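The values are calculated or read from the model by the stated rules, or taken from the named source; none is laboratory data. This one's a predicted model, so the numbers in the text were calculated from it and none came from an experiment. Every residue, glycine among them, receives a Cβ derived from its backbone with ideal geometry; neighbour counts consider all protein chains shown.
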Amino acid sequence: MSDDVAVEARGVSKIFGASTDQEVRALDHVSVSIAQNEFFTLLGPSGCGKTTLLRLIAGFEHPTDGAILLEGKDISALPPFQRPVNTVFQNYALFPHMTVAQNIGFGLEMQGQSKDEVANTVGAMLVLVKMENLKNRRIDQISGGQQQRVALARALAPRPKVLLLDEPLSALDLKLRKEMQVELKRLQHETGITFIFVTHDQEEALTMSDRVAVMNEGRILQVGAPHEIYNRPNDRFVADFIGDTNFMPAEVIEHDESEVRIRLPSGIEITIPAPPGLPQGSEVTLAIRPEQARIVTDADAISIQGSLTDEIYIGTDTQYRVDIGMTSPFVVRVQNANGERARIPLGSRVGIAVDPRTIQILQD
Amino acid sequence: MSAEQDSSTESFESLEAHAYQLEVRRNLLLSTPALIVLFCAASGPLLIMLVFSFLTPGDYGGIKWQFSTEAWFQVAFYRDIFDETVSIADAHLSIFWRSVKLSFLTTLVAFVLGFPTAYFIATRSPETRNLWLFLVTIPFWTNLLIRTFAILEIIRNQGLVNNVLIALGVIDQPLDMLYTDIAILLGMTYVYIPLMILPIYASMERFDFQLVEAAYDLYATRWRVLVRVIVPLVKPGVIAGSILVFVPSLGAYVTPRVLGGGKHLMIGNLIELQFGQGRNWPLGAALSLSLLVIVMVALIFYVRSAQKEGGAHGH
Amino acid sequence: MATSSRPFSIERMPGFSLLALTCFFALYMPLAPLVVYSFNAGDNIALWEGLSLRWYVAAWENDLVQSAAIRSVVVAVIASVVATSLATMVALGTTRTRPYRGQTSIYAMVNQPLMVPEIVTAVALLIFFALIKESTGYHGYAYLISAHTAFCIPFAYLPIRARLEGMDRVLETAAADLYATPWRSFTRVTLPLLLPGILAGAMLAFVISLDDVVITEFVKSAGQDTLPTYMLGQLRRTITPEINAISTVLLGVSVVMVTIIFFLSRKKA
């Protein structure tokens, strides 16, 4: 195995439920490798299995099938207190009967470090998370954002090989959450520890991660860098879950090395650059990001046409909804230049212009 | 490679099953010491008492190891010592009847006073609510004998109640309240009313007063709001409170002994007599078990209705 | 014209407040003469002859009262300590666990003393202990103490269980994540957090044991009177304010204990 893999899940399945008739398959043959010093995010809706995968790595649950490897060693059977892996819990799980410093020092103390060593590390950690002056406070005497920092310091203090973060920002308000996103990136950079971050917030995932794994129904659908996930989703769920997307059915007419000719429902044919492998006559779905499309009023030469039904002002952008004869309207987002927006009367016929290179073809 | 994979799969499944087994064993080990004490000094003796109820009474208390159903027969029937004629045991049955009647009345009075009290506490502001609750909790945990004694003192011929009534000119001779059924009823209500208030309050605490607003909004009168909305929704608390008052009333021993003066017996005193002057241990055992059966029937009724309520709310 | 001068209140029910205040008055009014007459200088509990502590002194100097008081406290301390330890263990074995066979039976057995009328348990213990006394000849305090321990267990169990159920398992998970072995996680996290529940349980058990009349009356051997059974015996004779003095002290102990329990159990987990 290569040296730079921190954590690997190998064909991991997890089934909950005592009897066969109430079984819930939380993870379904999941395999993934997470590199050393990587900020890796597990992204997906609630119940997709992301927290279960995290708990398997931490050792709070045991896999029904498959193995968890830490730096190449199988740790599936180790109890959590023997794994060099620490967790930042969703609601922090700080010990209410201990002070800030006692919380941070707990793991070190349990590892059997001497009082001086514990005090030194705790001091350094307090500096790291900027909590020096609150070290003797009780947990119920500090704010939510401060509790968050204590939870981070407590999990980082024993210098784990991997830090697991289970939706740690979900309890914070928007402004604090943004601050903590930056803070987390800084901490990861400074400590050089592998972070595995669980969230259902796609924006959080895209802004913070080196790589993202999108999960649904116990499977990993796509792993990649944020821009890959966003621009080149390989699955309808991924395209739909991350950002807004217009979906449109189409049929493959002919295909050569680098391009594919497809027919839209309206009968119009267009050519899109695409990798080979799409058989002729197959049904595909086109995914088009709203911000990759434009509204044009001189509509004749344009492939997609419809009538404008709504115009929604959303600050930086304006959203146009165009009825193109399908069940859901086609959404176009246009940035407002100089805070102004182009006024188009509702009900008028418009065309939608799209750069073919930004269209993603999804096979059903 | 694949064979190795399979064997590891098996070990994980057994790992989980093993963890569960360990957990169960730990739970049983933790429970065992308490269960031993409870078996020796609570449940076990009940079984021995069942055996005793089928034995023959000894000449001076205790028993002879001879099988007999006479004790159970004597619970309800009386056999004349000389001519062996059988008649209904009026003495026993009237005591059972008095116990049931007094316990029922106690429950009723406790409800009539306890329900408004629980309602009153539940509608206080959150800060003062705990204080009112505390005022109910204190008598709940103070010595039952002392509270019975307090009632004895105020209803005596020269007690507070008679003195006040005479001073007000309502009566000119003291009322003979002590050593009557009324005294027992008063004492039991006083002693057990916190057991009515607390569960009703617990139900009301969870009660959503928006429902009352909705009922008023839909033209209900105060009385109808009470009968059609509040009472049905706090019914589990009312049932729990009634059982909690009824059961100890039925088995009361101290209150009828102190306030009934040895003349107005309840089942508890009748049982004691079999171990005192009567010295018929098997009969005492049979009477105790009869009381236990009545109590268990009441408890089963309670559990059934609680389950029904729970089911109804589950939907 | 207006039917009522005060604004319509959603929560008000006519007469309820009056009944409730009557109820509170009735709960405390009977205790007043009890306490007042304990300070009576006179010989009986009907005629007030001035303020005095003579009955407290009399009770204190009464050998029977003194030995009964010591016996009450010793039995209550032993029974409550043992019962609380056992109850803590059962609570740990029946709470926050995956369901297992026998769990409901354990629960039923622990709560049995609450469901069976005291007089029935008392008589059953009388019979059982009579058998043992006959065959062993032992007449010591073990009977009284084991009986008290048994009926104290459910009272100690209730607040401990309630506290445990309110405790989030995630704290122990966090301790395990931070390298604490199960035992250290128990001593460093579970036990300190459970302590208020354990204290409340111990005090409840103490109060219950101290106040018990019925079971003690039936189980005690000759010369093993506790304060309550001594008082029960005295009630058959001419009552002197000495009984009031003892009652007032016991009342005071209960009020103090219950107050502490009340505030302990209000502390959030």
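Per the listing C:177, C:211, C:225, the residue uniquely of a type in the set (Asp, Glu) and within 15 Å of the chain's Cα centre (by Cα) is C:211. Considering segment B:202-225, and only residues there that are surrounded by fewer than 13 Cβ atoms within 10 Å (Cβ to Cβ) and acidic (Asp, Glu), the residue that is nearest to the other protein chains (Cβ to nearest Cβ) turns out to be B:217. Taking the condition within 7 Å of chain B (Cβ to nearest Cβ) and closer than 30 Å to residue C:223 by Cβ, does residue C:73 pass? For residue C:73, the condition - within 7 Å of chain B (Cβ to nearest Cβ) and closer than 30 Å to residue C:223 by Cβ - is not met.
The set of residues in segment A:213-247 being touching an Asp or Glu at 6+ places or on another chain (Cβ under 7 Å) and either in a strand (DSSP E or B) or not assigned by TED's automatic domain parsing to the domain that holds residue A:32 (or both) consists of A:219, A:221, A:222. The residue of segment C:95-132 that is surrounded by the most Cβ atoms within 10 Å (Cβ to Cβ), among those that are touching a residue at least 60 places away in the same chain (Cβ under 8 Å) and more than 7 Å from chain B (Cβ to nearest Cβ), is C:122. Of the helices (runs of 4 or more DSSP H) entirely within segment C:74-169, those holding at least 3 residues that are closer than 20 Å to residue C:189 by Cα and among the charged types (D, E, K, R) occupy C:142-165.
Give me the residue from segment C:216-269 that is loosely packed, with under 15 Cβ neighbours inside 10 Å, out of contact with any Leu (no Cβ under 9 Å at 6 or more places or on another chain) and part of a loop (DSSP other than H, G, I, E, B) and, out of that set, farthest from the other protein chains (Cβ to nearest Cβ). Residue satisfying both the conditions and the ranking: C:223.
Applying the selection to segment A:104-138, what residues are within 14 Å of chain C (Cβ to nearest Cβ) and under 30 Å from the mean Cα position of the chain (by Cα)? Those that are within 14 Å of chain C (Cβ to nearest Cβ) and under 30 Å from the mean Cα position of the chain (by Cα): A:104, A:107, A:125.
Name the residues in segment B:241-282 that are facing chain C (nearest Cβ under 8 Å) and in contact with a strand residue (DSSP E or B) (Cβ under 6 Å, 6 or more places away or on another chain), would you? Scanning segment B:241-282 gives a single hit, B:281.
Total residues in segment A:179-210 satisfying the condition of being loosely packed, with under 15 Cβ neighbours inside 10 Å and not β-branched (Val, Ile, Thr): the figure is 6.
Table: residues versus (1) under 29 Å from the mean Cα position of the chain (by Cα); (2) within 28 Å of residue B:306 (Cα to Cα).
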{"site": "B:180", "(1), (2)": "yes, no"}
{"site": "B:185", "(1), (2)": "yes, yes"}
{"site": "B:218", "(1), (2)": "no, no"}
{"site": "B:232", "(1), (2)": "yes, yes"}
{"site": "B:236", "(1), (2)": "yes, yes"}
{"site": "B:249", "(1), (2)": "yes, yes"}
{"site": "B:252", "(1), (2)": "yes, yes"}
{"site": "B:271", "(1), (2)": "yes, no"}
